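This report refers to the structure that appears directly beneath it.
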């Protein structure tokens, strides 16, 4: 996804001269084309995330449209206050890109994992949260982010993510994108987990259990009207994200559904548990650890299907 | 624009000081000592040190002042009101329910360039604005007024490291070095001194001055060259917390205290005696 980001931002900068790209000393060679083409519009701020966000705010006040780029874990936690005070409270148009979100920096350990970013950022008034699932959604999300009048957090993966939208690319990134239609269970997935959720649902489909699968590239503002209209017809809503079960997509859905009058669907949240993982391993290994691998998702969906069937 | 005489600058400073005392008394809000220490720094900026003109406040290429020590907002509000950015009558409503003049400034107030209040944000905002000016080809200056307490913040030093690397010569940091922070001496809580040497070591052109010599501060601000590619400047302004009122000067109780009726009368009396003294 990061290569698609570099490619897309370079292409967008061609026509939008307000774009200024700020990196937090990562993306070695990723932005060479951008930098060579517009040396006045690319700055490596250094390993200084508070200054990265503060400088972006200063640029935005002067009518530019800064895009900051660093690892999600560093883009959010250390400089949360700058995002809150400088960007959200002043409603400035800055796109904060968090790369390698979730468990992408797997073997680097919890310092580099980012499974709390959506939870804390979702609390900030006026901050738009985008979580594209593949390079196709990412390009659309970036284009959309640069049209938003306030701050945007763009949560992206790292590299080699499978392409989900190979046949029919989505048109509107601010709306949920249906990938499979089905019954009983509505799977809402976001970010890099969409591909895994889709694969799990397709395995159940082969057994005659057709589950609906939707990709949610926008976490905030949450499409609550859509959820209310769409989810009412299902016994169970399952959220899938490479993020903690507290406060992310699952948290958002649970908050909304809990306010509906009965009958309402059951909400099952699949995500990382309330524990840090202190062991080496690739992303696939960590997903197993958190029961977010395809086999674990299949198991959870099968159980949910049976429970839904047996509910009077 | 005609250059203000030193007398006119001092009159503006005296007026701001009176306004600040009255606002603190009326609203019973904190940070009076911090407001009084930076009166001349603000008066110098609005008295021609920077080009801060209410008729140009929507012009993109205007000079910009970031008041990073937002807790001293009364000083900024008084200057903005006295220089025509909004009606003087607004000062009466400071910190009252529904007033735009809250205890920390925000961009909804005419003339306020950035919301401040949490310390250590201003220098990054300022360098972003100086960078924007370079990108857009504007010839302007950006000044940031910081407290010495703000030099505790890591983010201040992140910005201090970056601005010289970009040779943002049109950026001026002014440090209101009143030697106190909320609960103690700023040189005891952290090893702030030698402050000018620290900034020099970071690549800034550092100068020290009497922060209550309003004409000298104004002249130093004027010397910052718009659009200059070179080291940014920091002015270490030696000031006295609570300046101007004998029983408030260098007494850190006035970080949180505000004057009662008798104290206000005594303070205003001192100021009126001072302002009629021959210069």
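Rundown of residues vs (1) assigned to a loop (DSSP other than H, G, I, E, B); (2) in contact with a helix residue (DSSP H, G or I) (Cβ under 7 Å, 6 or more places away or on another chain), yes/no style:
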position	(1), (2)
B:161	no, no
B:193	yes, yes
B:206	no, yes
B:212	yes, yes
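Against the test of being at pLDDT below 95, under 30 Å from residue B:26 (Cα atoms) and in contact with a helix residue (DSSP H, G or I) (Cβ under 7 Å, 6 or more places away or on another chain), the options B:182, B:114 yield a single qualifying residue, B:182. Of the strands (runs of 3 or more DSSP E) lying entirely inside segment A:16-93, none contains at least 2 residues that are in contact with a helix residue (DSSP H, G or I) (Cβ under 9 Å, 6 or more places away or on another chain), facing another protein chain (nearest Cβ under 9 Å) and surrounded by fewer than 18 Cβ atoms within 10 Å (Cβ to Cβ). Of the helices (runs of 4 or more DSSP H) contained entirely in segment A:202-308, those carrying at least 1 residues that are in contact with a strand residue (DSSP E or B) (Cβ under 9 Å, 6 or more places away or on another chain) and under 22 Å from residue A:135 (Cα atoms) fall at A:249-257, A:283-289.
Could you tell me whether segment B:172-189 includes any residue that is on the phi > 0 side of the Ramachandran plot, within 10 Å of another protein chain (Cβ to nearest Cβ) and either in contact (Cβ under 8 Å) with a residue 12 or more places away in the chain or buried (at least 22 other Cβ atoms within 10 Å of the Cβ) (or both)? Within segment B:172-189 (the criterion being on the phi > 0 side of the Ramachandran plot, within 10 Å of another protein chain (Cβ to nearest Cβ) and either in contact (Cβ under 8 Å) with a residue 12 or more places away in the chain or buried (at least 22 other Cβ atoms within 10 Å of the Cβ) (or both)), the answer is no, since none of the residues qualifies.
Residues checked against (1) in contact with a helix residue (DSSP H, G or I) (Cβ under 7 Å, 6 or more places away or on another chain); (2) crowded, with 18+ Cβ neighbours inside 10 Å:
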residue: A:200; (1), (2): yes, yes
residue: A:203; (1), (2): yes, no
residue: A:208; (1), (2): no, no
residue: A:221; (1), (2): no, no
residue: A:229; (1), (2): no, no
residue: A:241; (1), (2): yes, yes
residue: A:263; (1), (2): no, no
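Among residues of segment B:228-253 being farther than 30 Å from residue B:32 by Cβ and surrounded by 15 or more Cβ atoms within 10 Å (Cβ to Cβ), the one that is nearest to the chain's Cα centre (by Cα) is B:232.
Could you run through segment B:145-159 and say how many residues are outside any helix (DSSP H, G or I) and within 10 Å of chain A (Cβ to nearest Cβ)? Total meeting the criteria: 1. Among the residues making up segment B:41-63, those that are assigned to a helix (DSSP H, G or I) and without any contact (Cβ under 8 Å) to a residue 24 or more places away in the chain are B:55, B:56. The residue list A:150, A:109 contains one member that is in contact (Cβ under 8 Å) with a residue 40 or more places away in the chain and on the phi > 0 side of the Ramachandran plot, which is A:109.
When B:100, B:110, B:105 are checked against the criterion of being in a loop (DSSP other than H, G, I, E, B) and closer than 17 Å to residue B:176 by Cβ, B:105 stands alone in meeting it. Selection within segment B:107-123: residues that are in contact with a strand residue (DSSP E or B) (Cβ under 9 Å, 6 or more places away or on another chain), within 8 Å of another protein chain (Cβ to nearest Cβ) and closer than 13 Å to residue A:81 by Cβ. The member of this set that is surrounded by the fewest Cβ atoms within 10 Å (Cβ to Cβ) is B:120.
The values are calculated or read from the model by the stated rules, or taken from the named source; none is laboratory data. The model shown is predicted, which means the values in this text are computed figures rather than measured ones. With ideal geometry, Cβ positions are generated from the backbone for all residues, glycine too; neighbour counts draw on all protein chains shown.
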